[in-house]
1. If the chain between residue 359 and residue 1 were fully stretched, how many nm would it gain, using 0.36 nm times the residue separation less the Cα-Cα distance?
2. Which residues among segment 322-339 fall inside the zone where the amide N is under 19 Å from a point 7 Å beyond the Cα of residue 210, along Cα→Cβ?
3. Taking only DSSP H segments of four or more residues, each worth -39500 (n - 2.57), what value at 222 nm results for the chain once the sum is divided by all its residues, to the nearest 500 deg cm²/dmol?
4. Given R₀ = 45 Å, FRET efficiency for residue 187-residue 327 by Cβ-Cβ distance, to 0.05?
5. Sort 254, 126 by heavy-atom solvent-accessible area, probe 1.4 angstrom, most to least.
6. How far apart, in nm, are two points set 7 Å out from the Cα along the Cα-to-Cβ line at residue 66 and at residue 366?
7. Any chance you could check the Cα centroid distance between segment 263-314 and segment 65-101 for me, in angstrom?
8. Using a 1.4 Å probe on the protein heavy atoms only, what accessible surface does residue 289 show? Give it in Å² to the nearest 10.
Amino acid sequence: MTEILYLAHDLSDAAVRRRVLMLKTGGARVTVAGFQRAGNVLADDPDVPIVVLGRTADAKMGQRMAAVLGASFALKQKLAHVRKPDVIVARNLEMLALAGRASRLFGGEIPVAYECLDIHRLLLDEGAKGYMLRLAEGHFGRNASLLLTSSPAFIENYFKQRSRLDLPTLLVENKVLDIEGDLATAWRRPPAPAVGQPWRIGWFGALRCRKSLQILTDLAARLEGRVEIVLRGRPAHTEFDDFDGQVGQAPHVEFHGPYRNPEDLGDIYGDIHFAWAIDFFEEGLNSRWLLPNRLYESSLYGAVPIALASTETGRFLQRRSVGLTVEAATSDQLVNLFNGMDRERYNDLVGTIAASDRKSWITGPEECRALVRHLADLPRHADAKVVSLSSPLHSGGTS
């Protein structure tokens, strides 16, 4: 059995739990070492040993750097009782900074995979801060064996053009994890609302975009009950002036808190008609390039995704002729969109999703096993190339 040490930047991140579940489904035995923020999404999994390296906070880069430095000094003690891994997976740059030391503690020949699913805005800074962070990324990743990332646009726009890394790259999209292998044939179609009932738009996941919240609350207010907004997930309170207050005072807006991924996805997407797949958190940069979880989740469960046409998400939908894309996410454009929405158009939109290849939206047990095999076969160093987890297609360096 492949032993994996997963270094997690945030033990409260649902994406960390999903990746660990994916590795377990693929046949690996996983130990997680990471930083605590707002809880531990793996606390109820007795099969996954957890090592807490310290505490960090959202939107406090200096504090996180200090915590990583402190963890580096304590790493030998923290990992003293951890089984020797076959591979180390480091989620985000701060954990990559610890991965080399962890590898050396286990003998120095443990291959490291760098998992980067978002490009932090400071890595894209054109000044001294960005230069120093890219320098640090190149330094800490110099002996890594693999880059894991989730969007082709990250590779094309950052890793090939700006990053100092030159690593073999594995594209692992943020598809819905299908542990039992039965989602390819399941289909739950959210019915169109009855006459006089509202359209429901869901914004689910990591809620960190102030602009999206303002647009959605404005839309609900202007349409006076013809559209309802449903929010679920974990808000990044540091990104909002007063998330709870704004949501609490907004008419026709509901917040239902966190959910379990993938266990609750069928129920929460079955409760909405449209899914907000627009993000302005790092507008023009990471937000233009990402392929978010909600894109795959909504498409799998028949909720129509809404995306900006100019983003990688919008282009993804356009290539598959599914979902809705808008040129600009303004209240005026969205009001016009929903003033013109009727049952016939909605049913056509849902029908195109239903006709799509459902394997486009899911990661099943075979893909999980393929990922674990790929990690288990990593050499200490490798020639740079790019492959996809589901279909090894093309090659080329990342820089």
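The values are calculated or read from the model by the stated rules, or taken from the named source; none is laboratory data. This structure is a prediction, so every number in the text was calculated from the model and none was measured. We place every Cβ from the backbone using ideal geometry, glycine too, and count neighbours over all the protein chains shown. Ligands, DNA and RNA are stripped out before the accessible areas are found, and what is left, the full protein with its side chains, is counted by its heavy atoms. Shrake-Rupley method; radii C 1.70, N 1.55, O 1.52, S 1.80 Å.
1. 126.2 nm
2. It comes to 329-331, nothing else.
3. Values: 13 runs with 137 residues, N = 399.
Computed mean residue ellipticity for the chain: -10500 deg cm²/dmol.
4. Numbers: r = 31 Å, r/R0 = 0.68.
My answer for the efficiency is 0.90.
5. On the way: 254 55, 126 150 Å².
The ranking, largest first, comes out as 126, 254.
6. 5.1
7. Here the answer is 33 Å between Cα centres.
8. Accessible area of residue 289: about 20 Å².
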